[in-house]
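Asker: Sharing a structure with you now.
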Amino acid sequence: MAIEIYDENKLRDLPETQRLEVCERIIKSDNDESKRWDAIWLIGEIAENKNSEDPMFVKAADLMEWVLKNDDNGVVKHEACYQIAGRNMRSKIPTLVESALNDKSILTKHEAIESLGLMRAFEAVDLIRDAEIDPSIDVRETARFVIKRLTRLQNQGEYKPTTIL
């Protein structure tokens, strides 16, 4: 049973390009973080099952990166991290690392590190180690967990996302 994300404006009924444009406007200009969160989810749905070279996938990934670099809400940025991992937006691994190490939100740091683990971002292990000395115990625990998991999974191949819900 899939969870239905609230879509009071029926954005799912729009053609993908228009839906993405409306969601981008919400993400970049709406003061309501709950609407921004929903818009991020709706953009993530657009990226689902698309090739990483598809222009819509690239645009969706770029918007997730924009959120991590510009939004001021940790919950909203947490959702962007989740979508990056769930849609395997590998080009955004450097942005996840930046968020994991430097974001002001503990929630964002935690989810960025966890996302790196889910994506099997083996190339980021040495950088994740820097989070083992973060002031937040939650961030430190997440870093240690992800390092252990990546070490265990090292020879099991690349992450292949499945349907999120």
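Asker: Please verify whether Ile40 is under 13 Å from Glu16 (Cβ atoms) and in a helix (DSSP H, G or I), treating the condition exactly as stated. Reasoning before the result, please.
Answerer: Details: under 13 Å from Glu16 (Cβ atoms): no; in a helix (DSSP H, G or I): yes.
No.
Asker: Taking Asp38 as the residue in question, decide whether it is more than 28 Å from Phe122 (Cβ to Cβ) and either among the hydrophobic types (A, V, I, L, M, F, W, C) or in contact with a Cys (Cβ under 9 Å, 6 or more places away or on another chain) (or both).
Answerer: When the stated conditions are applied, Asp38 passes them.
Asker: Among the residues of segment 14-43, which ones are closer than 16 Å to Ala61 by Cα and of a type in the set (Asp, Glu)?
Answerer: Glu16, Glu21, Glu24, Asp38
Asker: Taking the criterion of being within 11 Å of the chain's Cα centre (by Cα) and not aliphatic (A, V, I, L, M), would at least one residue in segment 14-31 satisfy it? Reasoning before the result, please.
Answerer: As a first pass, look at segment 14-31 and keep what is within 11 Å of the chain's Cα centre (by Cα): none.
Checked against the condition, which is being within 11 Å of the chain's Cα centre (by Cα) and not aliphatic (A, V, I, L, M), segment 14-31 yields no hits at all.
Asker: Name the single residue that is surrounded by the fewest Cβ atoms within 10 Å (Cβ to Cβ) among those in segment 128-165 being modelled with pLDDT under 95 and in contact with a helix residue (DSSP H, G or I) (Cβ under 7 Å, 6 or more places away or on another chain).
Answerer: Looking at the filtered set, the residue picked out is Gln154.
Asker: While we're here: Residue by residue through segment 76-103, note down the ones that are closer than 21 Å to Glu141 by Cβ and assigned to a loop (DSSP other than H, G, I, E, B).
Answerer: Within segment 76-103, just Asp103 meets the criteria.
Asker: Go over the candidates Asp71, Asp32, Asp38 one by one and state the one that is in contact with a Leu (Cβ under 9 Å, 6 or more places away or on another chain) and closer than 21 Å to Leu107 by Cα.
Answerer: On inspection, the qualifying residue turns out to be Asp38.
The values are calculated or read from the model by the stated rules, or taken from the named source; none is laboratory data. Keep in mind it's a predicted model, so treat the numbers as computed, not measured. Virtual Cβ from ideal backbone geometry, glycine too; neighbours counted across all protein chains shown.
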